[in-house]
Amino acid sequence: MKRRTCFLLVGILAIISFSASGFAAKKPNILFILTDQQHPAIAGYRGNPVVKTPNLDALASEGTHFSRSYVQSPVCGPSRASFMYGKHVYQIQNWYNAKAWPADEVTFAKRLTDSGYYTAHFGKMDSPGFYDKLGFTEEWHSAKRPVRVTKGVDVRFLPDRPRGAKGHLAVKTFKMEDYKGKKFEVGLQKHYGHDRPSTDRALRFLQERTNDGKPWMIHLGLLMPHWPLTLPQKYYDMYADVEIPMPHDARFPNPDMHPALQFFQKWDGLDVPPDEEQFKKALKAYYGMVTCVDDMVGELIAQLKEADMYENTYIIFTSDHGDNLGEHGLMGNKHTPMEGSVTVPLIITGPGIKRGAKADTPVALVDMYPTIMDMAGIDHRDPEMPGISLLPVLQGKKDPADRTVFSEWHGTGFPCAWYMLANKKYKYIYYERYAPSLFDMEADPKELNDLALNPEYAETIKMFEAKLHKMLDPLETARLARKDQGMITTDGKDLMFDKAARPAANSKQK
């Protein structure tokens, strides 16, 4: 009898041990979906009454979404480098597109791979000089931007070289049956020709990894709804006869804007009124591209559910930057510190995450690194990383803490740098060589009333300015960025401001 009892106990312990080891091995999967240039509020779950986003709406109802999620610089390459490395742009000195990514930093993908995850990237990353070296187990890039090597001056940054007149408002459509399914599809099918094969690869990955036991992470980089506004006809037709809500403060020109923003408006050719019908058509096309993205998200969710992996998968949906989309008289321009540009959608779902929750306190995409580490159970701390794990908030274990988040700009459209600090109450913007801006984000979420010149807010301005200087020297950082981009000569002349020292208009320097 004692022997039988002993055997029974051994058997029970073996079952418990097997179950515990099986449970421990079942780490959560992570699906990170990143779109390009997506306005944060063009979605049904954000209250837009027109746009069709049923899959994103369902995702938001099954998880938590953030109404003020800030990027660290509103342009493709620097924003992506920042969240992949978990650091601010000034820390990694990746100032603008076509600059090589740093080779001495570690991406969150490599951390996951080293910890036993099978990791994959499909689509756009925009990591010049660092393609196929990002730390993923496998990488497939729908496009690769070369590192831009300048001889002398990088003329892109000269303030008197605007992008051109309203080309980003042009709309082109194609019939779905004409889609050829080729990588780097040109012309009318441009962005769909990137995103369709990227999504298809992610779908095949999910089909192939069904129940194999090893945790995985996918980073899917989509190009839509970034301009040029090219999309399948069926998605444009969804909005062809719909009255799109007009963006707030859409004036061309807009003399009441901050002078820095007027630079951006002129750079986009919108200091002269666009054709009204063309402008409305552009908005409809943008809405159509958002719905096209939503359909692809729906396909991925359906595949996760079919493979019985949905319940054990964290899904992060966000974008690399927004688009002002006509707000304040800016369109196609993602380079400003205004909310439509510098904030992005952010929805997170997964095991243990609060359902149908909304967080209004500011967060940042640099938070994705520590959040993903927390999701994967990886103990990782780096004092140089400014982000925080959002997982305790997502799980309802901790209330969202009011904090100050940061963004910066060292690119085209404006001859200077800008820096932004935002907390739940205020957004402060430091413009190099220009007066600052201050907005009360609780009372004035559309940023229509700049408080910076109101003497009642002088102490608030001083507080934010002191906080900024504690982080960095804004003038020295701006100068370093221009020097790296060929805008400061060997004898110290800053070509942004010294017009006499600039190359002739017909210069062939690239």
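Each value in this text was obtained by applying a stated rule to the coordinates, not by laboratory testing. No experiment lies behind these values; they were computed from the predicted model shown. With ideal geometry, Cβ positions are generated from the backbone for all residues, glycine too; neighbour counts draw on all protein chains shown.
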Net lengthening on full extension, LYS26/THR361 (0.36 nm per residue, minus Cα-Cα): 117.4 nm
Degrees between helix 192-208 axis and first principal axis of the chain (Cα, 0 to 90, nearest 10): 10
The stretch 27-394: antiparallel DSSP beta bridges as a percent of all, rounded to 5: 20
Residues ARG479, ARG251, sorted so that the one with the fewest Cβ neighbours within 10 Å comes first: ARG251, ARG479
Environment charge at ILE461 (Cβ cut-off 13 Å; Lys +1, Arg +1, Asp -1, Glu -1): -2
Highest to lowest packing among 389-400, 121-132, scored as the average C-beta count within 10 Å: 121-132, 389-400
Degrees separating the helix 458-471 axis from the principal Cα axis of the chain, which is the longest one: 60
Ascending count of other beta-carbon atoms within 10 Å, so fewest first, for VAL149, VAL366, VAL242: VAL149, VAL242, VAL366
Hydrodynamic radius of the chain per Kirkwood, over alpha carbon pairs, in Å: 24.0
Table column - 3J(HN,Hα) (Hz), the stretch 332-349, Karplus curve with 6.51, -1.76, 1.60, x for Gly and Pro: x, 9, 9, 9, 9, x, 6, 4, x, 9, 8, 10, 9, x, 8, 10, 10, 10
The chain: angle of helix 76-85 to the longest principal axis, Cα-based, in degrees nearest 10: 40
Ascending count of other beta-carbon atoms within 10 Å, so fewest first, for THR199, THR349: THR199, THR349
Global size of the stretch 288-433 as Cα Rg and Dmax, reported in angstrom: 17.5, 56
Between the stretch 121-145 and the stretch 339-415, the Cα center-to-center distance that results, in Å: 23
Whole-number percent relative contact order across the chain, with pairs defined as alpha carbons under 8 Å at least 6 apart: 23
Theoretical gain in end-to-end length, ASP399 to GLN278 [0.36 nm per residue, Cα-Cα removed]: 39.1 nm
Cross-link table LYS284/LYS358; LYS124/LYS280; LYS172/LYS446; LYS358/LYS424; LYS280/LYS334; LYS358/LYS425, entries beyond 23 Å C-alpha to C-alpha: LYS284/LYS358; LYS124/LYS280; LYS172/LYS446
Contour minus Cα-Cα distance for LYS172 and ARG381 (0.36 nm per residue): 70.5 nm
Nearest-0.05 FRET efficiency for PHE497 and LYS467, computed from C-beta distance (R0 25 Å): 0.40
